[in-house]
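Read the structure below first, then the notes.
Just so you know, all these numbers are worked out from the coordinates, no wet-lab data involved. As the structure is a prediction and not an experimental result, all values here were calculated from the model. We place every Cβ from the backbone using ideal geometry, glycine too, and count neighbours over all the protein chains shown.
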Amino acid sequence: MLPLCLRKNNAVRLRFFFITHVPATAWPLHSKPRFSHDTREKKPRPSRGWNGYGQTYKAPSHSDLAFNHIMPTHDSLATKPLGDMPPEEFRRYGHQLVDWIADFLTHIDEHPVSSAIKPDELRAQLPKAPPQTGEPMHEILADVDRLIMPAMTHWNHPEFFAYFVSSGSGPGILAEMLSATLNPNAMLWKSCPAATELEQVTLDWLREMMGLPKDFWGIMYDTASISIMHALAAAREQLADLQLREHGMAGRKDLPRLRVYASEHAHSSIDKAALILGIGKTGVRKIAVDERFRMRPEALQRALNEDRAAGWRPVCVVATVGTTSMTSIDPVAAIAKICERENVWLHVDAAYGGSAAIVPSCAGCSKAASLPTLSSSIRTNGCSCRWI
Ligand SMILES: Cc1ncc(COP(=O)(O)O)c(C=O)c1O
């Protein structure tokens, strides 16, 4: 399931310094998907397949639905004290919504890439106070067309060339529906064996595909920023003599100043993690880059020497595989050698470019991953994987 979700992000991600602006007025209103209550004129269009996946969308019949037999088909749910939507109503709006999504994905290129609304224009149209009563579903869906759609930046659009390529996919959307339905709480094996085991298996597949060492253990996070913060926390805890787990850092005069090292082009999540973890802004030393925006190993070595002499305690070096600004790749093998010699934790922030290691000719960085104190992360939008 996970490789399917990652599929689009693994393509080469183009990066430009501007968002393509296409005036909203250039796009005919009738080309946008609408919920059936909408009275604007609809023109039939031939289907052009599922968002480029080469399959023609066909609304499933009830008998096609694999889970039909476990869905209650009478009104018993409606009488339950939880007061949730009656199942038949859910089915009706669910089908309507899936049709809307399929239309949206089929004709996404007919939407403007960027929203044409002005700041606060949407806010001005929303109620000032929380509504006292619920609204009927058809009104909520109408608001999606009327209020939400004009305020969207379409990351899935084929002409969206900013930031990251969209990682959304048909199977991923369906998986999210299923996941919202099952509503798993996956904090322990017992609380959701399926999620726990699926996570471990897919992370093992990915680890193997990227050529990371066999003994690496993986975990999934929501974002790479959280992943990096946890990597730095783990690196900090490795400094066992400081007993940070037991005694923390606050008010301790016996602690040396801690430092993290990353290139000038490293992602801001490293600075944010340092702020949260009590390492502080001055605790992040930025290392100069070469003419191709890659961390200079000799500058890293110099920084470590200077800092040790001045009483700093190195916690972690973060090498980036695919910097956010330039997509440059730090020389991981040379940096790993320094970390091994200096006994400093190495985290490889491969959030942006790491998944390319699945291609055998790009596996160079993961081959350097033989250090015992190494962690590595990759991400798609809303999902980050970290191995340690
Ligand atoms: C290299 C790199 N590291 C970390 C991050 C942070 O990722 P997230 O937005 O998932 O927290 C990004 C995001 O752009 C990135 O490009």
- Item | Approximate spin-label separation residue 253-residue 148, in nm, with each point projected 7 Å along Cα-to-Cβ | 5.8 nm
- Task: Work out, step by step, the length gained on full extension between residue 308 and residue 246: first 0.36 nm times the residue separation, then minus their alpha carbon distance; give nm to one decimal.
- Result: 19.8 nm
- For residue 350, distant residues with modelled amide H under 5 Å away: 321, 377
- Could you state the number of Å between the C-alpha centres of the stretch 216-230 and the stretch 300-320? 24 Å
- Message: Rounded, prolate or oblate, given the Cα gyration tensor of the stretch 267-325, with a/c below 1.5 counting as rounded?
- Response: oblate
- Approximate spin-label separation residue 185-residue 208, in nm, with each point projected 7 Å along Cα-to-Cβ: 3.3 nm
- Item | Full-extension gain in nm, residue 325 to residue 122, via 0.36 nm per residue minus C-alpha separation | 70.0 nm
- Query: Points 7 angstrom from Cα along the Cβ direction at residue 92 and residue 363: gap in nanometres?
  - Reply: 5.6 nm
- Fraction of alpha-carbon pairs in the stretch 203-387 farther than 20 Å apart, rounded to whole percent, equals 50 percent
- Would you work out which of 216, 157, 174 lies farthest towards the positive end of the dipole of the stretch 145-271? Charges go on Cβ: Lys and Arg +1, Asp and Glu -1. 216
